[in-house]
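The values are calculated or read from the model by the stated rules, or taken from the named source; none is laboratory data. Values in this document were obtained by computation on a predicted structure and should not be read as measured data. Counting neighbours? That spans all protein chains shown, and the Cβs are built from the backbone with ideal geometry, glycine included. The protein model used for the area step is the full one, side chains on, heavy atoms only, and it has no ligands, DNA or RNA in it. Shrake-Rupley method; radii C 1.70, N 1.55, O 1.52, S 1.80 Å.
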Amino acid sequence: MGASDSKLVFKQGIFRLSEQKGIRADDPYWTGFWELPESAEDVFSLFSPADIRRTRDNHLENLETLILAVTSKLIALRNHPSFPDPEIAPEKDALNCIRVLTRLLPYIYEADHLAAWEDRFFWGARRKRSRRGQLARSEVIFDEADPDQTPTQDEPEFEDAKPLAEELIDTLIDLLFFSEFTLPKSAPGKSKVTYAIWQSGVGCNTPVSTTKEFENNRTEILRLLLTFASKSMYMSANVLPVTGVKAITYLTKCSDKQVVLSVLCSLLNTTLKYNPASWRVPYDHVVFKDPKQVLVQYCLQLLLVLVLYPIPEPGNGPPPKNFFRHFLGRLHRPQDFQFLVDGMTRILNQPLQATSSYLPGSQKSLTWAPEMIMLFWEALQCNKRFRSFIIDTDRAHDFVVLVLFYAIDQRNDPSKQGLIRMCVFVLQTLSVEPNFGRSLNKPFEGQETLPASIRVPNFHGTYADYLITSIYTLLTTSKGKLDAIYPALLAIINNIAAYIEDMGRATSSKLLQLFASMSSPSFLFANEGNHLLLQSLLEALNAIVEHQYAKNANLIYSILRSKKRFQALRDFTLESAQEEIERQIQLKKEQGEGGIARRADSMDSLRSPVSARAPSLSNVPEENSAFAIGDDEDSDDEGHHSAPLSQSPEQSGITSRTASVSSSVDDAVPLQLRGMSEKARGKMPVGHPSFSRQNSTTSLASVSTPVLGSNEFFTPTGPWIESWLVELPLHTILTLIAELGPQIPASTGTADSTATALSAIRHARVRGIDPAPIRVHLFEWSPLSLGWYESLLWGFVFAGEMLVAKGTAGVWNGTAIRLFKVQEAAAQTPTLLAPRGAVDAVGSNLVQRIGSLNLRGAATQGAPRGAGSGAVGGGNGAGGAGAVRDV
């Protein structure tokens, strides 16, 4: 039978599946599902979503029989002594069984009404024919001379068996290490399943020979294992971490050390040994798809699915152990850590090199850098030795720069907000280590060689200066997209503050610019929790002053020149804030700027939800002088300073939320920050009166800002201000100003006067400031944050599959995914690398001429990840036919 005929017969068989009721299990018809397809594309193209859903909804018994048939065939082939013999037990049959299961499973997972059936069918207790029953059914004529072949009379015809899903997963794991199928031929007399690690690296120093056929077979098996685990995609983010997925639970609870280590090291080494910079012909990716990249992508994604999976706790007894995560945390050899670091940085560096090539587009940028950052984060969290290794060897500096590149370069792309949030949490995880904070005092040389998006003009400073400047950039230029992680960004500064030495003038100025914006009435009144952000920034300034006063004269000088701002915050009242906001509005009105002045002549205009907007951190003033911000010695009228006390609400580009963020996975990363969730209590000078004030109990009804995420308005009141103002940690800085202010000569704006002031600061002694214990702001996991994290990973998996599945329908495309939203986007326009029309028609084949195939067009080369069918919000790309975002 020719290829065209086999496709037609296969398609006719699919029609029969959804039209004929109750096809018998012993009907030869079922053999066509593993004998007829010639490739994975045949299965995915000819077995359309409509066909699968029609069979599922109208003839479930046929779908059940099909799954049993292909599963039983696959298990039988694995146990056949001649597999993979092309005549007796061909590998094509096994691959087609794998492809059919991969095609069917997502459409079972998406059907809520089949949840009970699915659980019973795949995971319920079952009985299968014993060896006696199988022989009797086959009417085998036994050779009495062979006692091993003869079943005993008392052997039952049926016996207890593992659940179907467990037996299938065991079979797939064995096939990953099967002689002549995924590994070289084993020695005579040895088992065909050897559990040999695929690549040299962790746990293996001897490379194992391989072929393209072996690698392609591994790819198909890994894709089915990922599909088995993808039940996660069809659950909501708040349910997933609590309920879990039985397939992943079964894999991660495997206590067979040899199996776990073989799978773990094979996936890890295959991922990290891949070298995208190896010699290639320019634009080769336009002509053909590199199957090695597909294998590496599946390896990395399955590795992450296994390592980061939180096994649901039973509620009593010790928590279950994820053995993949356990053994990743047990790595300890320096050469293994070096292998991990080299492999990770090689992949993370590749997009930088691809964009700087002399021939634009000649190198295909890898799409799994976000997954690699995720793997780096997992290694940091579960292996303390690895964390110490990268810090002690200064490799942490490389990762800081790389992670900042991905965060800053994509900060304004709505589809990549999840990636950016993860980058920030990676930095926060690193920052909790004291040695990391100390290592940042190393001078940052070669900064001018960085990509333009993360290069700081005229930069001369340490890694700490660079990190703080980059955080400042994320805070002030993200246009409100990152407001949910402001607490995490400030927590990073808090964690390293006590160890910072010789902070530069520009960096000191930026910290004081942030203080000027966060202490403005418009910012504080924009949201009920914005004062927590101000409190966090003050804690960071206190830590530097208390622990590194003598080595940070630039920052101390900036604080002294901003003394009136701190004093104004100490005396903050509802009335003074109202006056300041009115003054700013009037100033804008006089200057002919600002939409608020054009819409209204009084504060009453702020009652409207349209005009009541949060203040902007994106308009923090930049000055030519490093110490210009807060320079309130030049004039008694702070309203004439180049850095105004408050930002006009109409300037807003950022809507800041409360520090306690736990609303949804889409708009807020559910995190808890130790130290951020409690109100930090600033030390008050002895005998200092309380902050109670007259006429401060009236509410500022005219300043009503909608609380984000609700339909109600937040109205600042006097009692609300009193509740947090008394707890702002202002004591250290106010004491510093009171003690040091009179000792420092007034600035004349010249370099000599600045040098004189800095020298005086270094030699001055300040009394009344005692170093407080260093506080660490940890990232803490909750069920909601785990739901966000898993949705981010599966979003990466979904978008990556859309790029892999060029020419086919993709595993999950078009299914009813619940973990994240798939949004339609404009189609890609034709390019030289991805033409449309007649050129595409040349490549059409018989498969495309058979009806109901639902084929999609190929994605545009060079498009962001997810192009062609989907892009993951919080992931890595923007859609060509759809865009995906976390929910």
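Each residue in segment 192-202 was checked for being within 24 Å of Asn96 (Cα to Cα) and in a loop (DSSP other than H, G, I, E, B), and 4 pass.
Picking from residues in segment 59-79 that are free of Cβ contacts under 8 Å to residues at least 12 places away in the same chain and surrounded by 14 or more Cβ atoms within 10 Å (Cβ to Cβ), the one that is farthest from Lys21 (Cα to Cα) is Ala76. Residues that are of a type in the set (A, V, I, L, M, F, W, C) and assigned to a helix (DSSP H, G or I) within segment 451-470 comprise Ala452, Ile454, Ala464, Leu467, Ile468, listed in sequence order. Please determine, by comparing only the residues of segment 208-241 that are small (Gly, Ala, Ser) and within 23 Å of the chain's Cα centre (by Cα), which one is most open to solvent (accessible area, probe 1.4 Å). Looking at the filtered set, the residue picked out is Ser236.
Gln428 meets the conditions (1) open to solvent by less than 20 Å² (accessible area, probe 1.4 Å); (2) within 21 Å of Ile373 (Cα to Cα); (3) not small (Gly, Ala, Ser); (4) not in a helix (DSSP H, G or I) in every case but one. The failed one is (4).
None of Ile14, Ile98, Ile23 is under 20 Å from Leu225 (Cβ atoms) and among the hydrophobic types (A, V, I, L, M, F, W, C) except Ile98.
Taking segment 272-377 as the region of interest, the helices (runs of 4 or more DSSP H) fully inside it that hold 1 or more residues being more than 22 Å from Cys254 (Cβ to Cβ), in contact with a helix residue (DSSP H, G or I) (Cβ under 6 Å, 6 or more places away or on another chain) and at pLDDT 95 or above are 291-307, 334-355.
Looking only at residues of segment 552-580 that are touching a Lys or Arg at 6+ places or on another chain (Cβ under 9 Å) and open to solvent by 10 Å² or more (accessible area, probe 1.4 Å), we find that the one that is nearest to Lys510 (Cα to Cα) is Asn554. When residues of segment 174-208 are filtered for being closer than 17 Å to Pro84 by Cβ and of a type outside the set (A, V, I, L, M, F, W, C), how many remain? Summing the residues that are closer than 17 Å to Pro84 by Cβ and of a type outside the set (A, V, I, L, M, F, W, C) in segment 174-208 gives 12.
One residue stands out in segment 1-57 among those that are within 43 Å of the chain's Cα centre (by Cα), of a type in the set (Asp, Glu) and surrounded by fewer than 20 Cβ atoms within 10 Å (Cβ to Cβ): the one that is farthest from Leu74 (Cα to Cα), namely Asp57. Taking the criterion of being under 24 Å from the mean Cα position of the chain (by Cα), farther than 23 Å from Leu778 by Cα and not assigned by the TED database to the domain that holds Thr754, would at least one residue in segment 441-451 satisfy it? Yes; the residues of segment 441-451 include at least one that is under 24 Å from the mean Cα position of the chain (by Cα), farther than 23 Å from Leu778 by Cα and not assigned by the TED database to the domain that holds Thr754. The residue that is farthest from the chain's Cα centre (by Cα), among those in segment 155-200 that are within 18 Å of Cys265 (Cα to Cα) and of a type in the set (A, V, I, L, M), is Val193. Among the residues of segment 2-30, just one is under 19 Å from Arg99 (Cβ atoms) and free of Cβ contacts under 8 Å to residues at least 12 places away in the same chain, namely Gln12.
Taken over segment 399-412, the criterion of being under 16 Å from Asp483 (Cβ atoms) and open to solvent by 10 Å² or more (accessible area, probe 1.4 Å) is satisfied by Arg411, Asn412. Summed over segment 245-266, the residues that are assigned to a loop (DSSP other than H, G, I, E, B) and open to solvent by 10 Å² or more (accessible area, probe 1.4 Å) give a count of 4. Is it the case that Ala396 is in a helix (DSSP H, G or I), modelled with pLDDT of 95 or more, crowded, with 18+ Cβ neighbours inside 10 Å and not charged (D, E, K, R)? Against the criterion (in a helix (DSSP H, G or I), modelled with pLDDT of 95 or more, crowded, with 18+ Cβ neighbours inside 10 Å and not charged (D, E, K, R)), Ala396 qualifies. Take the conditions (1) closer than 30 Å to Leu819 by Cβ; (2) modelled with pLDDT under 95; Glu448 misses just one of them, which is (1). Among the residues of segment 445-458, the one identified as touching a helix residue (DSSP H, G or I) at 6+ places or on another chain (Cβ under 6 Å) and free of Cβ contacts under 8 Å to residues at least 40 places away in the same chain is Val456. Any residue in segment 542-554 that's in the same structural domain as Leu512 (by the TED database): show its pairings with residues that are surrounded by fewer than 18 Cβ atoms within 10 Å (Cβ to Cβ) and in a helix (DSSP H, G or I) at Cβ separation under 6 Å, as long as the two are six or more apart or on different chains. Every condition considered, the pairs that remain are Ala553/Leu758; Ala553/Arg762. When Ala94, Ala69 are checked against the criterion of being at pLDDT 95 or above, more than 26 Å from Leu114 (Cβ to Cβ) and in the same structural domain as Asp119 (by the TED database), Ala94 stands alone in meeting it.
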